[in-house]
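What follows is one structure encoded as structure tokens, with my remarks underneath.
The values are calculated or read from the model by the stated rules, or taken from the named source; none is laboratory data. Not measured: the values here are computed from a predicted model. Please note: Cβ atoms are built from the backbone with ideal geometry, for glycine as well, and neighbour counts cover all protein chains shown. For accessibility, only protein heavy atoms count, side chains too; no ligands or nucleic acids. Shrake-Rupley method; radii C 1.70, N 1.55, O 1.52, S 1.80 Å.
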Amino acid sequence: MRRAGLLGVLTAGLVTMFATISAWAEALPSFAANGTLTVCTNPTLPPMTFVNGAEASALAGFDVDLVREIAGVWNLRPDIVQMDFEGMFPSLSAGRCGMVISGVMRQATRERNFDAIPYYESSMVVIARTGTPKISSFSELSGQTVAIETGTSYGRLIDIENTALAAHGKPPIRVQLYPSEDQVIQQVLLGRAHAAMSQDVEVLYRRQQLGGKVTTIFKPDIPDFHDFAIYIRKDAVDKARLEHAVEELRRRGTLTALAHKWNIGDTLEETAPARGAPSRFDVQTFLSALTSRAFFKGAAMTLIMALLSHVTAIAISIPIALALNGRRSLIHPVLSAYVAVFRGAPTLLQLLFIWNALPQFLPVFRESWFTPFLAAWISLSINESAYQVEINRAALRAVDRGQSLAAEALGMKKSHVYWHIVFPQALRIALPPTINDFISLLKTTSLASVISLQELLAVTQIQVARTFQFTEYYSAALVWYLGIVFFFLYVQNRIERRFTWADRDKAAAHDA
Amino acid sequence: MTLNRLPDPEKRLSIRDLSKLYNEFVALDHISLDIEQGEKIVVLGPSGSGKSTFIRCLNRIEPHDSGVLMIDGKIIDQKTDLTELRGRVGMVFQNYNLFPHLTVLENCAVAPRLVRSIPRGQAEDTARRILAQVGIAEQASKYPIQLSGGQQQRVAIARALCMDPEIILFDEPTAALDPEAISGVVLIINDLAAQGITTVCVTHEMGFARRIADRIVFMDKGRVQEITPPEEFFTAPRSARAHAFLNEMIRF
Ligand SMILES: Nc1ncnc2c1ncn2[C@@H]1O[C@H](COP(=O)(O)OP(=O)(O)O)[C@@H](O)[C@H]1O
Ligand SMILES: [Mg+2]
């Protein structure tokens, strides 16, 4: 008895000791799950994070390499999730990724909700077209238009400046918000904005890409805009572990090596060789974008998402339409409310709700099976079903009551009456508005880029951010969208020809 | 003619005190009538008198609220197998209600195929034979929209006949037809009677009623006012209401 007891205590002690040692040796943060480090990034900010090449999966940049290095320190497999800038922090909150690394500045206000771990020094810059005189304070921008990226913290800075300007009776700085950094810079090039705000490292990259068309006119020294930082959910232990990992990379010289690799060293700005200015419309770029695998995949995603969502919407909407057209009952108000809510709420809001808000209430939706594809499918199906209910109700009502009466008088069962008599006639009435809705849905899928679905428009924007060739890539996307839409208009035309029975002249032609 | 209080199981149709309400409104008020096999009954009466409601009760498209409806000795009520009943009692609607998305042939073959599970080929053979019988064999592959009113009427009759009914109910079969087409319908209905099929026909067309009726059932305000052979009805109606009705009809 006693020996057995002693052995038990010994074993327990050993197990505890090993557990402690291994935990200390690995020092993994709590957000590392199943050997994976999941990171959110918005790859439209070269050279920090961008898609380097025609393939949407070819993520590259300082930040992307940093993710791989950190994952290496912890012996984890990196999993990088791409999404819109605005989607990243909600995704971090929802537990969909463990870290945000996306050229985001360390900022006191953000640190209220998240922990920030700085990894590289940088400074904010105000840029303008080359030739614009340099300025020495923000107040000199009074009355001018400044473009900034949505979701970044530059806006707050300008708000503070504007308050000061107002106190001196001067006109405020006007702000234009754009969803990506490339669009911000494009406003400067187009002359729509006098200046734009960005980080020195990106400006350097763009200067090279744009043949020196933009220049830095002001480099303010603001403590809130000194460092790029990694963001995580608030957790003192995780923060310490991540700081330790970053420190380890700094000590090894990895950070310096990465800075060299991506040309973001301090000394490089003046010596950066300017490439030739890009041409107005490069046919070669357009054609290769049009035929690229990335665009093909984006278009396929758009098409599949629209088809799948619409088929699901139709399946949901038919029983609802039948119930709403039938005798009044208790479920009527419920179904009417369903239609009213999902027809009334903006599709974008529904997508964001399902993707970002739902997981806060129901943790199962944080798990990896709940992909952007699934979320977009669910949101778009529900949204479209609300519209489809109205189309189906109108179509079913438009079928003469005498039709089902005649079928019943012949002894047909209710199901036969619907399948063989009412539905085929309702289909003809519902088809044109349904195809119309489908074409609309096809374009609505582009909203799903906010929850990181890699559909056609998301692919386009990523390519534009990399190359700064707006016209070529937008045109390629346009051709794809139009191609798909025209194909479905053709299909509609073919199907309508089968409805010759509804038109005396066509029916006669069919006979001949 | 006096009727027994109890329904007569020997008759094709035996109706006793049949009543129908729409909420408070009495659409049919204690209707009693016996109809023989192969008999041709014409129901006359002013608009809104309940003629359509009456014949719709006979195939239970409108269920009656009280009274007895007996067909071939079987009582028709909520327990009746409607598929079986409607196979026995066919109906031709006022505006035909042909299925616009089906060809003439499919209009005729669809119910036998779905309701009786008859194979398509066989159902279509039967349909062709019946279309020939009503004189529109050559229209089989056309859609209803391509046909004239008279032709559509014949399709509607053929469609009902394809279910091989014992009784056919007609609601205003001549309302939209020219005189020539009306004569065609007269021939068809007489032909049906010759085959032993009972017809109950609601109409506004006095000439048509006179040509086909074995007996006239005159209704007003949901009640049967009189049941009379046509020669007598048109020359010496028994009820004052029928008298007034006929005078009204002559004036127009
Ligand atoms: N579904 C219904 N609901 C309520 N009232 C009805 C309905 N169908 C018919 N009625 C009423 O019943 C009466 C008889 O109608 P109907 O049988 O169509 O007359 P008829 O065929 O003799 O012109 C009319 O007053 C009509 O308004
Ligand atoms: Mg009527």
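Tabulated data
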read-out: Chain A shape via C-alpha gyration tensor axes, a/c threshold 1.5; value: oblate
read-out: Over chain A, relative contact order from alpha-carbon pairs under 8 Å, at least 6 apart, %; value: 18 percent
read-out: Of all accessible heavy-atom area on the protein assembly as shown, the percent that carbon and sulfur account for (1.4 Å); value: 57 percent
read-out: Three-way shape call for the range A:69-151 based on the alpha-carbon gyration tensor, with the a/c threshold at 1.5; value: prolate
read-out: Accessible solvent surface per residue of chain A, calculated while the other protein chains remain in place, 1.4 angstrom probe, Å²; value: 48 Å²
read-out: Accessible area (Å², per residue) of the range B:1-142, counting only protein heavy atoms and a probe of 1.4 Å; value: 45 Å²
read-out: Helix-only [θ]222 nm of chain A, DSSP H runs n ≥ 4, -39500 (n - 2.57) each, per residue, nearest 500; value: -18000 deg cm²/dmol
read-out: Contact order normalised by residue count of the range A:124-225, Cα under 8 Å, 6+ apart, percent; value: 49 percent
read-out: Those residues of the range A:388-413 for which accessible area with every protein chain present is at least 10 Å² below the isolated value (1.4 Å probe); value: A:400, A:402, A:403, A:405, A:406, A:408, A:409, A:410, A:411, A:412
read-out: Residue-averaged 222 nm ellipticity for chain B, from DSSP H runs of 4+ at -39500 (n - 2.57), nearest 500; value: -11500 deg cm²/dmol
read-out: Inter-chain shielding of A:418-426 (mean C-beta neighbours from other protein chains, 10 Å cut-off); value: 3
read-out: Dipole magnitude of the range A:285-511, debye to nearest 20 (Cβ charges: Lys/Arg +1, Asp/Glu -1, about Cα centre); value: 360 debye
read-out: Centroid-to-centroid separation of the range A:361-378 and the range A:131-158 [C-alpha atoms, Å]; value: 39 Å
read-out: Fluctuation leader among B:46, B:165, B:179 - chain B, Gaussian network, Cα springs under 10 angstrom; value: B:179
read-out: Candidate residues A:79, A:437: accessible-area rank, largest first, probe 1.4 Å; value: A:79, A:437
read-out: With Cα atoms, 0 to 90° folded angle of helix B:179-194 axis to chain B main axis; value: 90 degrees
read-out: On Cα atoms only, tilt of B:104-116 relative to the major axis of chain B in degrees; value: 80 degrees
read-out: Size of the B/A contact, given as accessible area buried on both chains, probe 1.4 Å, in Å²; value: 2200 Å²
read-out: Percent antiparallel among DSSP beta bridges (both partners in the protein assembly as shown, rounded to 5); value: 55 percent
read-out: Sequence of A:219, B:221 from largest to smallest accessible area, 1.4 Å probe; value: B:221, A:219
read-out: Rounded accessible area of residue A:226 (nearest 10 Å², 1.4 Å probe); value: 70 Å²
read-out: Along principal axes, Cα extents of the range B:94-252, largest first, whole Å; value: 54, 28, 26
read-out: Shielded residues, the range B:74-123 - accessible-area loss of 50 Å² or more between chain alone and all protein chains, probe 1.4 Å; value: B:86, B:97, B:99, B:100, B:101, B:114
read-out: Chain B - percent relative contact order, Cα under 8 Å, separation 6 or more; value: 25 percent
read-out: Between the range A:332-360 and the range A:461-512, the alpha-carbon center distance in angstrom; value: 29 Å
read-out: Descending principal axes extents, the range A:118-196, alpha-carbon based, whole Å; value: 36, 32, 23
read-out: Accessible-area order (highest first, 1.4 angstrom probe) of the listed residues A:327, B:60, A:207, A:401; value: A:327, A:401, A:207, B:60
read-out: Between the range B:28-78 and the range B:212-252, the Cα center-to-center distance that results, in Å; value: 18 Å
read-out: Degrees, to the nearest 10: B:149-161 long Cα axis against longest axis of chain B; value: 90 degrees
read-out: Pairs from A:413/B:79; B:20/B:79; B:40/B:74; A:234/A:261 whose Cα-Cα separation, in the structure shown, is over 23 Å; value: A:234/A:261
